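Peer 1: Dropping a structure here in structure tokens format, bear with me for questions.
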Amino acid sequence: MHFTDDVPGLFTDGVVWAVGDNSMIEKTQKRWFPLPRLAPPRGVPCTPSASGSISESQPVPPLTSSAPVPQPAPPPSMTAAAASSSTNVPPSDPPVDPNLLYNMKNTVHQRIVQVAKETVKKKVINSCVLASHEQKMVFVRQGLNEATSAIFQQEIALVWVSTNLSTMYKTVSEPATKILSAFGMTVNRLVQVMYNSRPSVFSDASEIQHKIDEVVCLMKPDTWLFLYGSVHKLPNGQDISYVFEHEAIINVVLDSIFLLGYGEYVDGPECLDNLMPVGAAAVLCHLQEFIEGSRQSISFTAAAYSTSYAAFLSLMTTIKATPHLLARWEMFCKLVLKRGRSIAEAQRLYCHKY
């Protein structure tokens, strides 16, 4: 296809007939066709000329109407999400001062841990050995507050505790776990002998059946015989036994607290309101291990024995509300602490000697 300048806007197919010079036939044959209008690229100004062609001085009208085309509305959920994300962006937490983060190699922080652990020991022994996770968290916070208040200013101490509480929980609450474990260890070597749960060597009784009979009798829920000590005669001739005075429970408490070196954290006789029910719960745990004759290991934990511990604590309410039982209890607690201090002193002298 060839454009021609003969007629503007037209083109010729350019067919050429090549013949001899002396022929009477035309050398070329031209057929003319109208050239279609060519639109310039969008945005290039163009105007029609007088001859009907398009000049590049006037813009081509848009292919669509100049009226704005409405866009589809976004779903309401997307609109709400966009609005909430733009207006309710939570503020980022401020950076934590590295000097406030616990560092086990920092001597000041080591001192804080040591003092906090001492506080936890006192709280556990005097208020609740079978402490739940929430109670231990309270003890840890109290220990850290006391330790940091003696080192930092009050505002810095509060920030330090809140920053490191969750990180230091396991470390600072360790004494609570050890004290509870002490009850579980000491009860194993005491209960079998003190509750006569093993038949005499002079007897032909079955070991398994003897244990089943003894344990079932001791753990009857209507009597709880394993809680009560020796029978005493009252002046009127009546026989009576006092709760928590069984030798097994007494010795579990004495060994767990005083023999293992926790006696210095005992504040006074009131601590036995907590320790004797814990000793009773530990004994119950060990007895339950032999409920089928042969031992089945049971973990002595707060989660497993908090209900039994609460039931034994309710007995303390009865004791405190009954004058003659209260008088007996106060005398009993003084004797237990006296024996405990004697055990602790003997243990101290033994350790000093060897």
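Peer 1: For the peptides 109-115, 244-250, what is the packing order when you average, over each peptide's residues, the other Cβ atoms within 10 Å and list the highest mean first?
Peer 2: With the highest mean Cβ count within 10 Å placed first, the list reads 244-250, 109-115.
Peer 1: To continue, here is another question. Does region 298-354 come out rounded, prolate or oblate by the C-alpha gyration tensor, with a ≥ b ≥ c the root eigenvalues, rounded set by a/c under 1.5 and, if not, prolate when a/b is larger than b/c and oblate if not?
Peer 2: Oblate.
Peer 1: In square angstrom, what is the accessible area per residue of region 107-214 with a 1.4 angstrom probe?
Peer 2: Dividing the accessible area of region 107-214 by its residue count gives 54 Å².
Peer 1: So if we plug the beta-carbon distance of Ser181 and Val216 into 1/(1 + (r/R0)^6) with R0 = 30 Å, what FRET efficiency do we get, rounded to 0.05?
Peer 2: Calculated transfer efficiency: 0.60.
Peer 1: What do you get for trypsin sites (Lys or Arg not before Pro) in region 257-350 restricted to DSSP loop and a cutoff of at most 13 other Cβ within 10 Å of the site's Cβ?
Peer 2: In loop regions of region 257-350 (DSSP not H, G, I, E or B), the sparsely surrounded trypsin sites (Lys or Arg not before Pro) are Arg295.
Peer 1: Give me the percent of accessible area attributable to carbon and sulfur for region 173-296, probe 1.4 angstrom.
Peer 2: Roughly 54 percent, rounded to a whole number.
Peer 1: Taking 25 Å as R0, compute the FRET efficiency from the Cβ-Cβ separation of Ile151 and Thr301 and round it to 0.05.
Peer 2: E between Ile151 and Thr301, to the nearest 0.05, is 0.15.
Peer 1: I'm checking a number: the convex hull volume of the Cα atoms of region 213-354, normalised per residue, in Å³. What is it?
Peer 2: That works out to 145 Å³ per residue.
Peer 1: Tabulate in residue order the Karplus-calculated ³J(HN,Hα) for region 188-195, using 6.51 cos²θ - 1.76 cosθ + 1.60 with θ = phi - 60°, rounded to whole Hz; enter x for Gly and Pro.
Peer 2: 5, 8, 10, 5, 4, 7, 6, 10
The values are calculated or read from the model by the stated rules, or taken from the named source; none is laboratory data. Keep in mind that what you see is a predicted model, and the values were worked out from it rather than measured. A quick note on method: Cβ atoms are made from the backbone with ideal geometry, for glycine too, and the neighbour counts reach across all protein chains shown. Side chains included, ligands, DNA and RNA excluded: accessible areas come from the protein's heavy atoms. Shrake-Rupley method; radii C 1.70, N 1.55, O 1.52, S 1.80 Å.
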